[in-house]
């Protein structure tokens, strides 16, 4: 695959949508006594953003590019942990989610 240049705007859009959905999923899981680690592919916004980026800006963009953005974000901010295709909020991430304005806003 050719090297892709992903704009900061697109990266921020991916992270914002992902983190907001992760927080909603976490709250729902806690409320219903379910596991709080989630398969990345099962995120609703993951598929929508992937389609958007393929169709509107980056034709060769695929899931591996989305994973790389999220793994880089996880390593930088430490709000999430990734294990293969699974993701979970860290305590630092939970603390950030509890704020009215988040670092990813």
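Structure notes:
- On Cα atoms only, tilt of 63-77 relative to the major axis of the chain in degrees: 50 degrees
- Axis of helix 8-31 versus longest Cα principal axis of the chain: the two differ by about 30°, to the nearest ten degrees.
- Nearest-ten-degree value, helix 44-56 long axis tilted from longest Cα axis of the chain: 20 degrees
- Semi-axes of the equivalent ellipsoid for the chain, Cα gyration tensor, largest first, Å: 24, 14, 12
- Virtual spin-label span in nm between residue 72 and residue 94, 7 Å along Cα→Cβ: 2.9 nm
- Hypothetical label at residue 42: residues of the range 65-105 whose amide nitrogen lies under 11 Å (7 Å Cα-Cβ projection): 86-87
Each value in this text was obtained by applying a stated rule to the coordinates, not by laboratory testing. Small disclaimer: the values here were computed from a predicted structure and weren't measured. Please note: Cβ atoms are built from the backbone with ideal geometry, for glycine as well, and neighbour counts cover all protein chains shown.
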